[in-house]
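Student: Have a look at this one.
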Amino acid sequence: MEGRATYLAALGIDDWRQRRPLATAGESWETIAAEVAECRKCGLCETRTRTVFGVGDRKARWLVVGEAPGAEEDKQGEPFVGRAGGLLDSMLRGIGLAREQVFIANVLKCRPPNNRDPAPAEVAQCLPYLERQIAQLQPRIMLAVGRIAAQNLLATDTPIGKLRGHVHSFGAAGIPLVITYHPAYLLRSPTEKRKAWEDLKFARRVASGTQA
Ligand code: URA
């Protein structure tokens, strides 16, 4: 896949997912949480207030993946607690899911200064934490919100508009992955909310096994 090759070349690495085992024997949520809390693998540890591990039901069927903590998340240590988080909660409620019923995490566990895009080297260091969380959770469905989450989970540079509307497959376990817009983008572009609503209904059908 050309886009994937270009993307990985830009990262300056071959494919970190092929080099790291997804699940580690004897691993637990606590092991991962303790490592994340102490993490100093990239420069973001110098500017963060708190790491943001993720929140929700550790037995959830749904995993929602965002980009990285913003200012409010960095203060509180919880993902999606700012304005975008309020919209994410409403989007989930629209398909019958309370925030407490899903697990919510980000590609990056620390806030990039001034909310800049995550750097490829930061993603390469941090994504394995998310992969280990996924191995613990074994979700029935993953919902990536926004371009950064979608492109990094799929290791592609394909635009988000082309990634929506398909069931992708994540990792060796082939977890169904659906893509939608980031709630922060939807706050700026409310006319796109209609498409996000279609995506969420699509994801609900995938999760219930009624979408081929
Ligand atoms: N945006 C994200 O992608 N994640 C958060 O946790 C907050 C805002």
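Student: Going by how many other Cβ atoms sit within 10 Å of their own, how do Val102, Val52 line up, fewest first?
Tutor: In increasing order of surrounding Cβ atoms, one gets Val102, Val52.
Student: Same structure, new question: For the pair Glu27 and Arg58, how long in nm is the line joining their label points, each one 7 Å along Cα→Cβ?
Tutor: Simple spin-label model gives 1.4 nm for this pair.
Student: Could I ask something else about it? At a Cα cut-off below 17 Å, give the lysines reachable from Lys201, other chains included and same-chain residues fewer than 8 away excluded.
Tutor: Lys201 reaches Lys193.
Student: Would you look at the GNM of the chain, springs on alpha carbons closer than 10 Å, and say which of Ala105, Ala150, Ala173 moves the most?
Tutor: Ala173
Student: If we count other beta carbons within 10 Å of each Cβ, what is the order of Asp117, Asp74, fewest first?
Tutor: With the sparsest Cβ surroundings first, the list reads Asp117, Asp74.
Student: Just rank Tyr185, Tyr129, fewest to most, by other beta-carbon atoms within 10 angstrom.
Tutor: Tyr185, Tyr129
Student: Nearest 500 deg cm²/dmol is fine: what mean residue ellipticity at 222 nm does the chain get from its DSSP H runs of n ≥ 4 alone, each adding -39,500 (n - 2.57), divided by its residue count?
Tutor: Mean residue ellipticity, 222 nm, calculated: -13000 deg cm²/dmol.
Student: Can you work out ³J(HN,Hα) from phi for every residue in segment 106-115, in order, using Karplus 6.51 cos²θ - 1.76 cosθ + 1.60 and θ = phi - 60°, giving whole Hz and x for Gly and Pro?
Tutor: After applying 6.51 cos²θ - 1.76 cosθ + 1.60, I find 10, 5, 9, 8, 10, 6, x, x, 6, 6 Hz.
Student: While we're looking at this one, here's another question. Ordered by residue, what ³J(HN,Hα) values in Hz, to whole numbers, does segment 131-139 give under the Karplus form 6.51 cos²θ - 1.76 cosθ + 1.60, where θ = phi - 60° and Gly and Pro are x?
Tutor: Per-residue couplings from phi come out as 4, 5, 5, 5, 5, 6, 6, 6, x Hz.
Student: Relative to the present Cα-Cα distance, how much length would full extension add between Ser189 and Ser169 at 0.36 nm per residue of separation?
Tutor: The span from Ser189 to Ser169 would gain 4.4 nm if fully extended.
Quick note: the coordinates plus some simple rules give every number you see, no bench work behind them. Predicted, not measured: the structure shown is a model, and the values here were computed from it. Ideal geometry is used to build each Cβ from the backbone, glycine not excepted, and the neighbour counts take in all protein chains shown.
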